[in-house]
Amino acid sequence: MLDDVDVYVLRDDRVAHHWRVGDSQEFRERPVQYRNFVLPIQFLPDDEIRIFIRVQTSGSVQLPLELWSKPGFRAESLATTFREGAYFGLMFVMLLYNLCLWFWTGQKSYAYYSGYVLTLSLFVAGLHGLCFQYFWPDSVQWHGSSVAVFTYLLVVGITGFSGSFLQVKLHDSMVRRCMYTAGVLACLGVVSSFFIPYSVSIRLATVLNIVAVSLCLWAGLRALARG
């Protein structure tokens with residue numbers, strides 16, 4: 001989720017290589033087609049080089065660096081793919097299971113939960129760069145807003161599921177109004193994500209998620225107190 005990353009390799013005080021990567025560029029422009037920023041830096045034993053990295057982004061700056069040999073990188077890539085495949089496979093099974101329950105029972109709780117599972121999966125995949133790699137590699141503008149959009153949609157999923165499951169419409173009108181307000185604010189946030197800076201949008205979405213989760217826990221405690 002870094003917008004622009006410039007990497008300079010200097011040898012004998014001269015720029016030997018320069019790469020520019022980041023999610024502000026189309027995915028196919030990366031020197032190595034991988035979800036993270038991978039650069040093919042080559043040097044010989046006892047070779048002395050200097051590497052300068054310039055980062056500019058609208059979100060938080062997280063820049064972990066790792067130096068791999070080709071075999072080591074290939075092994076790590078396969079292991080990571082296996083772990084992520086297991087996670088997203090489990091989420092896909094949960095999605096299908098709850099969709100089937102929704103079709104069979106007609107209860108809205110399963111529909112909201114299915115939407116939450118789908119949104120959470122896309123949110124995680126977006127953070128890990130998988131959505132940009134496989135789903136929308138040419139949609140730079142959408143990719144820049146997608147994580148904030150999914151963060152807002154998580155609010156819709158958790159408030160919708162909790163409200164339906166706890167039947168707040170029948171038993172707790174005050175909580176129902178609060179959950180409805182949070183859902184409306186989340187929908188407005190989805191629209192605003194395309195017009196306001198990502199740094200502002202993601203902060204607002206995070207705060208709204210904290211409020212929504214607290215609201216759902218509060219609704220559960222009130223339902224428990226009613227027996």
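Quick notes on this one:
- Selection count, segment 111-142, where residues are out of contact with any Ser or Thr (no Cβ under 7 Å at 6 or more places or on another chain) and more than 18 Å from residue 156 (Cβ to Cβ): 15
- Restricting segment 65-106 to residues that are in a loop (DSSP other than H, G, I, E, B) and modelled with pLDDT of 90 or more, the residue that is surrounded by the most Cβ atoms within 10 Å (Cβ to Cβ): 68
- Among (1) under 21 Å from residue 199 (Cβ atoms); (2) modelled with pLDDT of 90 or more; (3) open to solvent by less than 40 Å² (accessible area, probe 1.4 Å) - the single one residue 2 does not satisfy: (2)
- Residue ranges of helices (runs of 4 or more DSSP H) in segment 112-227 with at least 2 members closer than 20 Å to residue 26 by Cα: 130-134, 140-165
- Filter result for residue 69 (among the hydroxyl-bearing types (Ser, Thr, Tyr), touching a residue at least 60 places away in the same chain (Cβ under 8 Å) and at negative phi): no
- Once segment 9-46 is narrowed to residues that are in contact (Cβ under 8 Å) with a residue 12 or more places away in the chain and among the charged types (D, E, K, R), the residue that is farthest from residue 203 (Cα to Cα) is 11.
- Segment 21-50, subset touching a helix residue (DSSP H, G or I) at 6+ places or on another chain (Cβ under 8 Å) and within 22 Å of residue 74 (Cα to Cα), residue most open to solvent (accessible area, probe 1.4 Å): 33
- Yes/no for residue 6 being under 28 Å from the mean Cα position of the chain (by Cα) and among the acidic types (Asp, Glu): yes
- The residues listed here are 208, 221, 170; of these, the one that is over 30 Å from residue 38 (Cα atoms), touching a Phe, Trp or Tyr at 6+ places or on another chain (Cβ under 8 Å) and either among the hydrophobic types (A, V, I, L, M, F, W, C) or touching a residue at least 60 places away in the same chain (Cβ under 8 Å) (or both) is 208.
- Exclusive hit being open to solvent by 60 Å² or more (accessible area, probe 1.4 Å) and either among the acidic types (Asp, Glu) or farther than 18 Å from residue 190 by Cα (or both), set 112, 134: 134
- Against the test of being surrounded by 13 or more Cβ atoms within 10 Å (Cβ to Cβ) and either part of a helix (DSSP H, G or I) or of a type in the set (A, V, I, L, M, F, W, C) (or both), the options 15, 9 yield a single qualifying residue, 9.
- Single condition residue 173 does not satisfy, out of (1) of a type in the set (Ser, Thr, Tyr); (2) more than 17 Å from residue 113 (Cβ to Cβ); (3) under 26 Å from the mean Cα position of the chain (by Cα): (3)
The values are calculated or read from the model by the stated rules, or taken from the named source; none is laboratory data. What you see is a predicted model, and the numbers here were worked out from it, not measured in a lab. Note: ideal-geometry Cβ built from the backbone for every residue, glycine included; neighbour counts use all protein chains shown. All accessible areas refer to the heavy atoms of the entire protein, side chains included, with ligands and DNA or RNA removed. Shrake-Rupley method; radii C 1.70, N 1.55, O 1.52, S 1.80 Å.
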